[in-house]
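Participant: Have a look at this one before I ask anything.
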Amino acid sequence: MFRLRRQVYCDNNATTAVSRATRKAVNDVLAHCYANPSSPYKMAHGAAGILANARERIARAINAPTHTLLFTACATESNNALRAIVPLLPAGKQAILYNPLEHPSVLESLYWLRERGFELIALMPGDKGRITPADVGTAWRDDVGLLVCMAANNEIGAIHDVAGMAGIAHAHGARIFSDMVQALGKIPVDVSASGVDYASFSAHKIHGPKGVGALYVREGAPFAPFMLGGHQESGLRAGTESLHNIAGFAVAADGIARLLSLAPALRQKRDAFAATLKHIAPDCVFNSPCGDECLPGTLSVTFPGTANAVVMGQLDYHGVSVAAGSACNTGEDAPSHVLTGIGLTPEAARSTLRISFPHDLSEKEARYVATVFEDVLSGKAKRITALQPSQLTEEVLFAPGLFIIDLRRSEKPVYLLKPLPDSHRFPFYSIGKHLHEIPRDRPILVTCETGYDAPVIAYYLKRKGYAQLTFLMWGILGWKLSQPELYERFAGQHPRE
Ligand code: PLP
């Protein structure tokens, strides 16, 4: 939809580009090897061979015996295996010691277990979200049977010494489960040497396809199937394997050594970029640990007094994609649990961006990203007026001539919030096809449900030559919270399709 001078994708902790070799492997399987690897006839033998070969290559990349690796649909599923593992812990050792800054797929699985009577004991993250083996030792209790700690945090990049933690868990006769999704490809991962009992992985974080993950289960570690059905994956995970994705995962795993070789240079570029940011915005605060304690390309940074959605919109306008430090796009406007967990206020969390550079970030791209940040933060890049929810009064709402754009995402089955009165609904992804319906001679207010889409589209319209633009900060959700009576009285009136 947006034509940009340059595009630098700086959200590589969310996902990564799929390499040409990986695409070829996926397409080859789809085209030539569609038989079910579990079937007995000759055509299926090729499929079974691809499956076995991929398992070997991925297992080799993490130094695991091949038979200890199960394929899943994603790391979310691998983490949900906790729900099957914990009930197998021996009586008297069913408490779980865990890192409260885990990914939601781990936390939600643990909360599900808590509802069923298993006790959770939260570890206390230290500075920049790090938990050390010493912290684990101090928090240990005799009834702990499982320690849950990720190898590296997805939002702030903090790396944990899971090998040190595994030593403590085993010394107490307990097990350790580690989400290694973000660590793989960024720091060396050796499940055998680290001593973890369970580890989860996802292909799309290492330039593989989406929709395939893996779960490592150390030989002898208790395990019960979590997906029930057929006998696939040695009877431990039912469901026909996603063979094309698994073949792509194997190619991506082959590339891990190259990714790791790029890590030291990437770390240097990240540090140089952080120094530039500090120069541009001296009051910015880094939430990521320094140097080797952090993933090489990750930088979480708070710009006090800014709204991350707006900065994100401006950066996006210039072709720089970053993530925001709060999950407003879930419709809950909840600041990230990781950021609040390391002591940020909800306001600071809403002023936070996560930058996660690609492994092969070029010097030119790094310079471009720094220039765009400088223009945006210094105000050199012209800003569009942001209307605070409290400023959207009845007078503003019904100001003569105001044209209100209500952005909606077509993939959302239900909208939680009603639009502003007399607003014109436009699809977020294809608004470009509707420009002829948007008047150029009237003031325009761009709105959306939770505040993330409006700045992006406002900047897009600016690029298209619209002059009288304003967008609603924090979306209709923010307005509803700020002015519930106005929302009750007017929202949803006279919508224009
Ligand atoms: N664990 C961590 C640390 C992650 O960053 C992610 C993805 O963002 C996941 C788990 C979930 O991975 P998937 O997208 O494969 O379900």
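The values are calculated or read from the model by the stated rules, or taken from the named source; none is laboratory data. From a predicted model like this one, the values you see are computed outputs, not experimental measurements. Every residue, glycine as well, gets a Cβ built from its backbone with ideal geometry; the counts of neighbours run over all protein chains shown. Ligands, DNA and RNA are excluded from the accessible area calculation, which covers all protein heavy atoms including side chains. Shrake-Rupley method; radii C 1.70, N 1.55, O 1.52, S 1.80 Å.
Participant: Given the conditions (1) closer than 18 Å to residue 398 by Cα; (2) assigned by TED's automatic domain parsing to the domain that holds residue 406, which single one is not true for residue 474?
Facilitator: The number of the failed condition is (1).
Participant: Is region 419-434 home to any residue that is touching a residue at least 24 places away in the same chain (Cβ under 8 Å), under 20 Å from residue 10 (Cβ atoms) and among the polar types (S, T, N, Q)?
Facilitator: Among the residues of region 419-434, not one is touching a residue at least 24 places away in the same chain (Cβ under 8 Å), under 20 Å from residue 10 (Cβ atoms) and among the polar types (S, T, N, Q), which makes the answer no.
Participant: Taking region 412-447 only, how many residues are under 20 Å from residue 387 (Cα atoms) and among the aromatic types (Phe, Trp, Tyr)?
Facilitator: 2
Participant: Among the numbered criteria (1) at positive phi; (2) exposed (fewer than 15 other Cβ atoms within 10 Å of the Cβ); (3) under 25 Å from the mean Cα position of the chain (by Cα), which one does residue 112 miss?
Facilitator: Tallying (1) at positive phi; (2) exposed (fewer than 15 other Cβ atoms within 10 Å of the Cβ); (3) under 25 Å from the mean Cα position of the chain (by Cα), residue 112 fails exactly one: (1).
Participant: Does region 138-153 contain any residue that is farther than 19 Å from residue 69 by Cα, within 11 Å of the ligand (Cβ to nearest atom) and either within 26 Å of the chain's Cα centre (by Cα) or of a type outside the set (S, T, N, Q) (or both)?
Facilitator: Yes, region 138-153 contains at least one residue that is farther than 19 Å from residue 69 by Cα, within 11 Å of the ligand (Cβ to nearest atom) and either within 26 Å of the chain's Cα centre (by Cα) or of a type outside the set (S, T, N, Q) (or both).
One line per residue, one yes/no per condition, for (1) over 30 Å from residue 26 (Cα atoms); (2) not β-branched (Val, Ile, Thr); (3) not assigned by TED's automatic domain parsing to the domain that holds residue 213:
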{"site": "76", "(1), (2), (3)": "no, no, no"}
{"site": "85", "(1), (2), (3)": "yes, no, no"}
{"site": "105", "(1), (2), (3)": "no, yes, no"}
{"site": "114", "(1), (2), (3)": "yes, yes, no"}
{"site": "136", "(1), (2), (3)": "yes, no, no"}
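Participant: With respect to the numbered conditions (1) within 16 Å of the ligand (Cβ to nearest atom); (2) of a type outside the set (A, V, I, L, M, F, W, C); (3) touching a Gly at 6+ places or on another chain (Cβ under 6 Å), which one is the sole condition not fulfilled by residue 94?
Facilitator: (1)
Participant: If you go through region 108-119 one residue at a time, do you hit one that is within 16 Å of the ligand (Cβ to nearest atom), outside any loop (DSSP other than H, G, I, E, B) and over 21 Å from residue 78 (Cβ atoms)?
Facilitator: Looking through region 108-119, none of the residues is within 16 Å of the ligand (Cβ to nearest atom), outside any loop (DSSP other than H, G, I, E, B) and over 21 Å from residue 78 (Cβ atoms).
Participant: Anything in region 40-84 that is open to solvent by 10 Å² or more (accessible area, probe 1.4 Å) and in a loop (DSSP other than H, G, I, E, B)? List them, or say none.
Facilitator: Selection gives 40, 41, 63, 64, 65, 73, 74.
Participant: Name the single residue, out of those in region 211-221 being within 16 Å of the ligand (Cβ to nearest atom) and assigned to a loop (DSSP other than H, G, I, E, B), that is nearest to residue 163 (Cα to Cα).
Facilitator: Within region 211-221, the subset within 16 Å of the ligand (Cβ to nearest atom) is 211-216.
Within this subset, residues satisfying the condition of being assigned to a loop (DSSP other than H, G, I, E, B) are 211-212.
On the way: 211: 28, 212: 26 Å.
Going through the qualifying residues, I end up with 212.
Participant: Follow-up. What residue, of 402, 407, 392, is surrounded by fewer than 21 Cβ atoms within 10 Å (Cβ to Cβ), of a type in the set (A, V, I, L, M, F, W, C) and over 25 Å from residue 282 (Cβ atoms)?
Facilitator: Working: 407 fails: surrounded by fewer than 21 Cβ atoms within 10 Å (Cβ to Cβ); 392 fails: surrounded by fewer than 21 Cβ atoms within 10 Å (Cβ to Cβ).
Of the residues listed, the single one that is surrounded by fewer than 21 Cβ atoms within 10 Å (Cβ to Cβ), of a type in the set (A, V, I, L, M, F, W, C) and over 25 Å from residue 282 (Cβ atoms) is 402.
Participant: Please tell me if residue 31 is in the same structural domain as residue 159 (by TED's automatic domain parsing) and in contact (Cβ under 8 Å) with a residue 60 or more places away in the chain. Please lay out each step first, then the result.
Facilitator: Details: in the same structural domain as residue 159 (by TED's automatic domain parsing): yes; in contact (Cβ under 8 Å) with a residue 60 or more places away in the chain: no.
So residue 31 does not fit the description; no.
Participant: Residue check, residue 134 against (1) under 20 Å from residue 194 (Cα atoms); (2) in a helix (DSSP H, G or I); (3) in contact with a Phe, Trp or Tyr (Cβ under 8 Å, 6 or more places away or on another chain), all met but one. Which one?
Facilitator: (3)
Residue-wise test of (1) of a type in the set (Ser, Thr, Tyr); (2) surrounded by 24 or more Cβ atoms within 10 Å (Cβ to Cβ); (3) within 16 Å of the ligand (Cβ to nearest atom); (4) under 22 Å from residue 287 (Cα atoms).
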{"site": "161", "(1), (2), (3), (4)": "no, no, no, yes"}
{"site": "164", "(1), (2), (3), (4)": "no, no, no, no"}
{"site": "177", "(1), (2), (3), (4)": "no, yes, yes, no"}
{"site": "190", "(1), (2), (3), (4)": "no, no, no, no"}
{"site": "193", "(1), (2), (3), (4)": "no, no, no, no"}
{"site": "199", "(1), (2), (3), (4)": "no, yes, yes, no"}
{"site": "209", "(1), (2), (3), (4)": "no, no, yes, no"}
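Participant: While we're looking at this one, here's another question. Among the residues of region 59-74 satisfying the criterion of being away from the ligand (no atom under 16 Å from the Cβ) and out of contact with any Lys or Arg (no Cβ under 6 Å at 6 or more places or on another chain), which is nearest to residue 254 (Cα to Cα)?
Facilitator: 61
Participant: Go through region 443-497 residue by residue and tally those that are crowded, with 24+ Cβ neighbours inside 10 Å, on the phi > 0 side of the Ramachandran plot and without any contact (Cβ under 8 Å) to a residue 60 or more places away in the chain.
Facilitator: Qualifying residue count for the region: 0.
Participant: In addition: Identify all residues within region 359-378 that are open to solvent by less than 20 Å² (accessible area, probe 1.4 Å) and over 14 Å from residue 272 (Cβ atoms); write none if there are none.
Facilitator: Matches in region 359-378: 372, 376.
Participant: Evaluate region 1-8: report whether one residue or more is under 29 Å from residue 183 (Cα atoms) and either within 16 Å of the ligand (Cβ to nearest atom) or open to solvent by less than 70 Å² (accessible area, probe 1.4 Å) (or both). Spell out the reasoning first.
Facilitator: As a first pass, look at region 1-8 and keep what is under 29 Å from residue 183 (Cα atoms): 6-8.
Right, trim to either within 16 Å of the ligand (Cβ to nearest atom) or open to solvent by less than 70 Å² (accessible area, probe 1.4 Å) (or both) and you get 8.
Yes, that holds for at least one residue.
Participant: Just to check your reading of the model, which residue among 59, 75 is within 25 Å of the chain's Cα centre (by Cα) and closer than 30 Å to residue 365 by Cβ? Can you show your working first?
Facilitator: Working: 59 fails: closer than 30 Å to residue 365 by Cβ.
Testing whether each residue is within 25 Å of the chain's Cα centre (by Cα) and closer than 30 Å to residue 365 by Cβ leaves just 75.
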